[in-house]
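Report on the following structure.
What follows is calculated from the coordinates using simple rules that are stated; it is not laboratory data. All values derive from a computational prediction rather than experimental measurement. With ideal geometry, Cβ positions are generated from the backbone for all residues, glycine too; neighbour counts draw on all protein chains shown.
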Amino acid sequence: MTYGVALLRCGGSFTAVRIPARYIHALARDEDPAAVGRFLDTALEGSPVFFHPGARQFYALTFAGMVTQWALPGATECLGTDAFLGVLAPVRTKPGRGQNPYWSVPLTEPGVLCGVDAPAGLAAYGREAAARGEAEGDG
């Protein structure tokens, strides 16, 4: 773990829901990392989420079985067994320089994951909020 990241296959013990940053920022009504972290901590009841600034994606860790239940096509995705995810060291909790990922809601202990409905609702409402914001910005 020289770089503070372990490459893990999704679908065994966990998987991840990838949600575009614009969805989360639209719901949080903020892009400040601390404010977004507080929003996600509340919305996902302390379940771990990390942000990859370079990809502009949030990753909510959830139960492996969720991949078979995912029904939100489009920009969001529930990563299946064909995906590998770079999972950060638990100490990477602050934005650094450049495009390095960090935990928005830190991983506090193994096995604490999002429930099935929470990331799906977050992604769906975020998509709607982002679309409203883009429409208002165009008007």
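Amide H to amide H under 5 Å from Y102: which residues, 5+ apart in sequence or cross-chain, H placed 1.01 Å off N in plane?
Amide H neighbours of Y102: F51.
Helix by helix, which DSSP H runs in the chain go 27 Å or more along their axis at the Cα atoms and have an average Kyte-Doolittle hydropathy of -1.0 or more?
117-138
Can you tell me the FRET efficiency between V116 and D32 if r is taken as the Cβ-Cβ distance and R0 is 22 Å, rounded to the nearest 0.05?
Efficiency, rounded to the nearest 0.05: 0.15.
Mind checking the full-extension length gain between Q99 and E134? Use 0.36 nm per residue of separation minus the Cα-Cα distance, one decimal, nm.
10.1 nm
May I ask you to compute the full-extension gain from A6 to A71, defined as 0.36 nm times their residue separation minus their alpha-carbon distance, rounded to one decimal in nm?
Between A6 and A71, full extension yields 20.6 nm more.
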